[in-house]
Amino acid sequence: MHSSDQVKIDAIIETLWSYRKRIAAITIVFMLVSLGYALMLPNMYTATVTVLPESEEKGLGQFAQLSTLMSLPGFPASSVSETELYPELMKSEAILRDVIYREYETGKYDEPVNLIAYWDIGGNTERRQYQTTLQILRDEVLSTSIARDSRIITLEVETTDPDLSADIANAIVDNMGEYVLNKRRTRASQQRQWIEKRLEEVQLDLRDAEDALKNFREANRRILDSPDLMMQQERYLRDLEKHATIYLELSKQYEMIRVQEIRDMPVVQVLDPASPPAKKSGPGRKRILILGTLFGLLTGVLSVYGKRLLNISVEESNEPPAEISGGTKKDIPKQSGGPKR
């Protein structure tokens, strides 16, 4: 280390030591403010629920293959899991509306109340109160995550009441399961109606193909001696086989979709339901206190050096101007007081 660097470090240490009382006072003030703020914050409790949604890949895999052949409306071109959409679905208004207006048993009130009343949401209209509560749920209360490998979805709900946190988490999962099941039933009903109509059309085409082959064979008893007649018969057979294959596939899908339409099995498997947490999850009072103290210490140090820099700039501005060097009075031309005589 150079001697000049050592001198600078010694000067910094000397300055800090000389202003140690100021720095300590500012640090203590920030520490006390942080402590007061941390003590004012309520305890928070986080309830966690993990779910494994049932993929539609098994139920729609054959439909996907059939849609490639027939371009069925409403069927995906490939089997796509809904799992990626579930975390966002948990925060959708379709799921949270019932959660907001559901009444919960809480330690804050003697009677069951909904979330608008529990959080004492103000507003001129009921719609405004609802929108405010919905925003609080999305931004401050709920958090979701999904494991890419296992597809397990984790929902966390954080409130000041441990029982309320668990009740909200379980209510969201229940609503989501009902919502997805109803959507699948509705879609299955629409698909069943389409398949029924298509079955009627394909059945007519199949009968026409059968009649065409029958009439051809009745009109041509000896086709083995004619290559042209044999080729025509192959065409009729291919057309009949095509319509028969489509009819059989549609019949299978029709039976599957009827089962899908009336099924009442849950589509969301709850691995670990939410239970009231025994320990608080926040706030981190120690962290708030430590950060507040460090910030106060930094503020004290900066205030010392800020004052020193300000004093240095003021002293430099008050210094007298330097004397003109490199000449004498006789070098300065005299000013003429008037016209020469």
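Check whether at least one residue in the range 314-323 is at pLDDT 70 or above, within 30 Å of residue 23 (Cβ to Cβ) and exposed (fewer than 10 other Cβ atoms within 10 Å of the Cβ), and report yes or no.
no
Quick one: what pairs do we get from the range 80-93, first residue closer than 14 Å to residue 180 by Cα, second at pLDDT below 75 and part of a loop (DSSP other than H, G, I, E, B), C-beta under 8 Å, 6+ apart or different chains?
81/55; 81/56; 82/55; 82/56; 83/55
Residues that are of a type outside the set (A, V, I, L, M, F, W, C), exposed (fewer than 15 other Cβ atoms within 10 Å of the Cβ), over 28 Å from residue 86 (Cα atoms) and touching a residue at least 40 places away in the same chain (Cβ under 8 Å): does the range 241-258 have at least one?
There is at least one residue in the range 241-258 that is of a type outside the set (A, V, I, L, M, F, W, C), exposed (fewer than 15 other Cβ atoms within 10 Å of the Cβ), over 28 Å from residue 86 (Cα atoms) and touching a residue at least 40 places away in the same chain (Cβ under 8 Å).
Return the total of residues in the range 225-264 being assigned to a helix (DSSP H, G or I) and under 30 Å from residue 180 (Cβ atoms).
14
Report the residue count in the range 6-42 for those that are polar (S, T, N, Q) and within 30 Å of residue 119 (Cβ to Cβ).
Counting residues in the range 6-42 that are polar (S, T, N, Q) and within 30 Å of residue 119 (Cβ to Cβ) gives 1.
The values are calculated or read from the model by the stated rules, or taken from the named source; none is laboratory data. Remember, it's a predicted structure, so these values are computed and weren't measured experimentally. All Cβ positions, even for glycine, are placed from backbone atoms using ideal geometry, and neighbour counts span all protein chains on display.
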